[in-house]
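A short write-up of the structure that comes next.
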Amino acid sequence: MQSILIVEDDIYISDMVANRLQREGFHVLKAFSGTEALLVLASQQPDLILLDLMLPGLSGEEVLPKIQQTPVIIMSAKAEVNEKVQLLLNGAADYVTKPFNLEELVARIRVQLRKAQQTEQQQLLTYSDITMDTISHVVTVHEQPIKLTRTEYAILKCLLQHPKQVVTKSQILHVISSDTPDCTESTLKVHMSNIRIKLREATGKDYIQAIWGIGFKFENN
């Protein structure tokens, strides 16, 4: 169940929004000040945050920069265009002006949750039991982390982005050139050999097949 944190000091508005979201199937968390919101976020990780601006303690403007990787929809009576623009530039995903329509608010929430889900899917590259998180740069094989050099990571990422294709040596060198300009066709073989060894050590399986004279592809598992 997806969870939403409502940061709103007006109890009537907080309860009204919470009741509607619960009927829509969301789990609801509440905070009534900016300080309380940060305390909640220290122990909980909601999927989306509804943030009022005029809060006791820390204001919404002060709380917003402290929120990382969670979509935030501002709910405020402030209607000045310049302020809306500044908040959107500072990280807010959307802005609704009070008084707002609950049906529209729910629709905006679903849009942002869908975007966040798509971003998360793009963040993870997978093939068989290999998973690469392109944000944290963590690579796991069968849920076991493996250590790769910067060049090895760039090469494996290139293959994971084209899991069903033969990727030529020139394609790999072109794609990774900005990250690892020192990699050449001769050293590519060494790096690829190291990647194959590290993957094999994790599960005993061979994942990457060399296509003689052309490049590399994943084995058909």
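The values are calculated or read from the model by the stated rules, or taken from the named source; none is laboratory data. Since this is a predicted model, take the numbers as computed values, not measurements. Cβ coordinates were reconstructed from backbone atoms using ideal geometry, including for glycine residues, and neighbour counts include every protein chain displayed.
At a glance:
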{"item": "Residue check for ILE130: in contact (Cβ under 8 Å) with a residue 60 or more places away in the chain and either aliphatic (A, V, I, L, M) or surrounded by fewer than 17 Cβ atoms within 10 Å (Cβ to Cβ) (or both)", "result": "yes"}
{"item": "Matching option when the condition is surrounded by fewer than 12 Cβ atoms within 10 Å (Cβ to Cβ) and either among the aliphatic types (A, V, I, L, M) or not assigned by TED's automatic domain parsing to the domain that holds GLY91 (or both), among HIS191, HIS162, HIS174", "result": "HIS174"}
{"item": "Pair list, Cβ < 6 Å and 6+ apart or interchain, from segment 93-119 residues that are over 14 Å from VAL17 (Cα atoms) to residues that are modelled with pLDDT of 95 or more and in a helix (DSSP H, G or I)", "result": "ASP94/ARG108"}
{"item": "Cross-chain or 6+ apart pairs with Cβ under 8 Å, segment 176-194 first and modelled with pLDDT under 80, then in a helix (DSSP H, G or I) and loosely packed, with under 15 Cβ neighbours inside 10 Å", "result": "ASP179/ARG150; THR180/ARG150"}
{"item": "Residue in segment 114-122 that is acidic (Asp, Glu) and more than 30 Å from LYS217 (Cβ to Cβ) present", "result": "no"}
{"item": "Matching helices (runs of 4 or more DSSP H) fully within segment 1-87 where at least 1 residues are loosely packed, with under 14 Cβ neighbours inside 10 Å and either of a type outside the set (S, T, N, Q) or over 23 Å from the mean Cα position of the chain (by Cα) (or both)", "result": "11-23, 34-43"}
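Results for (1) within 21 Å of LEU53 (Cα to Cα); (2) not assigned by TED's automatic domain parsing to the domain that holds ASP15, shown as yes or no for each residue.
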position: VAL106; (1), (2): yes, no
position: ARG114; (1), (2): no, no
position: PRO145; (1), (2): no, yes
position: ARG150; (1), (2): no, yes
